[in-house]
Amino acid sequence: MIVIGGSSSAGLAGEIARELGCGFMKAETSRFPDGECYTKLEGDAIDDDVAIVQNTYPDSGLVEMLLLRDAAVGMGAKRVAMVIPYFGYARQDRLFKPGEPTSAKVMCSVLDRFCDKVVTVDIHKEATLQNFSHPHKDVKAAACIAGYFRGKGIDLVLSPDIGAKDRAKDVGERLGVPYDHLQKTRLSGTEVRIAPAEMDCKGKRILIVDDMISTGGTIIAAASALKEAGAAEVSVACTHGVFVNDAFNRLSSSALKEVLSCNTLEGPASKISVASVIAEELRRGFRCR
Ligand code: R5P
């Protein structure tokens, strides 16, 4: 297998190739003056399966993924696995109001035409992947998050809402510490209310885990509820650090001890690598050498 790194995920792709002990091919991607995507694979012919690692977010990422796939096939690639660490439009997975599209399904049907396997990481809803006719797998970042925090003295793992309670359980069990979830009510796109914590937080070093941080509203409200309840330290680790506008700076200058994300979106917070869990999945069914 050859691992190809698109512009959103060159670092992660290199790590996956090292984990697999296989070749890595870099793509040189730039923009034409009118903004259209130009990409070129740096290398000779490909006589192997490929895994293309590229987010489909923002919108331009989807086009880049399709162009990379075409370039790889043009160079002789056999089977193509698309590794989409952060799958754009995953949250629009159903009709919320009449007249809207089912955006996640649209993304799947476009990508499905051009790949032999799809690997995502902590996609918003796993059911979205059922729109693919090819083999698909959503790998979990919990082992990587727990690995990063092992030995760092975490006393309690919490999710900010019931929807993420399994993630808190997974990380908590791996760390061998208690876990629970908070009660969140969304007030608007940027504001949430977190009910006072029911469990005893006094003097505890707490890790909040979530699938994504977007505006940061959820985590700011959760951290302040936990501090009010007497927590000694509050850190946060999410899978996807979207950090819209100044969210990362606001979180970094808040009472939080650490603000971390996985490298599904590469940036200043992305210190937790998901390369090992992606590599493990690619080993299944694809020839890796
Ligand atoms: C919600 O269901 C998700 O798990 C996240 O909690 C949410 O998307 C975070 O958004 P924000 O950072 O804008 O509060």
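The values are calculated or read from the model by the stated rules, or taken from the named source; none is laboratory data. Predicted, not measured: the structure shown is a model, and the values here were computed from it. Please note: Cβ atoms are built from the backbone with ideal geometry, for glycine as well, and neighbour counts cover all protein chains shown. Surface accessibility is based on the protein's heavy atoms, side chains included, excluding ligands, DNA and RNA. Shrake-Rupley method; radii C 1.70, N 1.55, O 1.52, S 1.80 Å.
Only one of the numbered conditions (1) under 22 Å from PHE248 (Cα atoms); (2) part of a helix (DSSP H, G or I); (3) among the acidic types (Asp, Glu) is not met by ASP170, and that is (1).
Taken over segment 149-167, the criterion of being open to solvent by less than 20 Å² (accessible area, probe 1.4 Å) and part of a loop (DSSP other than H, G, I, E, B) is satisfied by PRO160 alone. When VAL171 is tested against the conditions (1) open to solvent by 40 Å² or more (accessible area, probe 1.4 Å); (2) away from the ligand (no atom under 11 Å from the Cβ), the lone failure is (1). The residue list ALA146, ALA127 contains one member that is out of contact with any strand residue (DSSP E or B) (no Cβ under 8 Å at 6 or more places or on another chain) and surrounded by fewer than 21 Cβ atoms within 10 Å (Cβ to Cβ), which is ALA127. Checked against the criteria, LYS26 counts as in a strand (DSSP E or B) and surrounded by fewer than 19 Cβ atoms within 10 Å (Cβ to Cβ). Please go through segment 29-50 and pick out each residue that is in a loop (DSSP other than H, G, I, E, B) and either buried (at least 17 other Cβ atoms within 10 Å of the Cβ) or within 18 Å of the chain's Cα centre (by Cα) (or both). Answer for segment 29-50, where residues must be in a loop (DSSP other than H, G, I, E, B) and either buried (at least 17 other Cβ atoms within 10 Å of the Cβ) or within 18 Å of the chain's Cα centre (by Cα) (or both): ILE46, ASP48, ASP49. When restricted to residues that are within 15 Å of the ligand (Cβ to nearest atom) and either among the hydrophobic types (A, V, I, L, M, F, W, C) or surrounded by fewer than 21 Cβ atoms within 10 Å (Cβ to Cβ) (or both), segment 107-124 contains 3. The number of residues in segment 174-187 that are surrounded by fewer than 19 Cβ atoms within 10 Å (Cβ to Cβ) and more than 10 Å from the ligand (Cβ to nearest atom) comes to 7. Within segment 52-76, the set of residues being assigned to a loop (DSSP other than H, G, I, E, B) and open to solvent by 30 Å² or more (accessible area, probe 1.4 Å) comprises TYR57, PRO58, MET75, GLY76. Here ALA104 does not qualify as at pLDDT 95 or above, within 16 Å of the ligand (Cβ to nearest atom) and within 30 Å of ALA232 (Cβ to Cβ).
Would you be able to say whether some residue in segment 151-162 is within 15 Å of the ligand (Cβ to nearest atom) and either in contact with a Ser or Thr (Cβ under 7 Å, 6 or more places away or on another chain) or outside the structural domain of ALA231 (by TED's automatic domain parsing) (or both)? Yes: segment 151-162 contains one or more residues that are within 15 Å of the ligand (Cβ to nearest atom) and either in contact with a Ser or Thr (Cβ under 7 Å, 6 or more places away or on another chain) or outside the structural domain of ALA231 (by TED's automatic domain parsing) (or both). Quick check on LYS105: is it in a strand (DSSP E or B) and not polar (S, T, N, Q)? Answer is no for this residue.
Mind checking whether some residue in segment 191-198 is modelled with pLDDT of 95 or more and either among the acidic types (Asp, Glu) or assigned to a helix (DSSP H, G or I) (or both)?
For segment 191-198, residues modelled with pLDDT of 95 or more and either among the acidic types (Asp, Glu) or assigned to a helix (DSSP H, G or I) (or both): absent.
Scanning segment 191-200 turns up one or more residues that are open to solvent by less than 60 Å² (accessible area, probe 1.4 Å) and of a type in the set (Gly, Ala, Ser). Could you tell me whether THR185 is at pLDDT below 95, assigned to a loop (DSSP other than H, G, I, E, B) and under 19 Å from GLY216 (Cβ atoms)? Taking the combined requirement at face value, the residue does not satisfy it.
Restricting the search to helices (runs of 4 or more DSSP H) fully inside segment 209-289 and requiring at least 1 residues that are modelled with pLDDT of 95 or more, surrounded by fewer than 16 Cβ atoms within 10 Å (Cβ to Cβ) and away from the ligand (no atom under 15 Å from the Cβ) gives 275-283. Residues being aliphatic (A, V, I, L, M) and over 26 Å from SER7 (Cα atoms) are entirely absent from segment 259-266.
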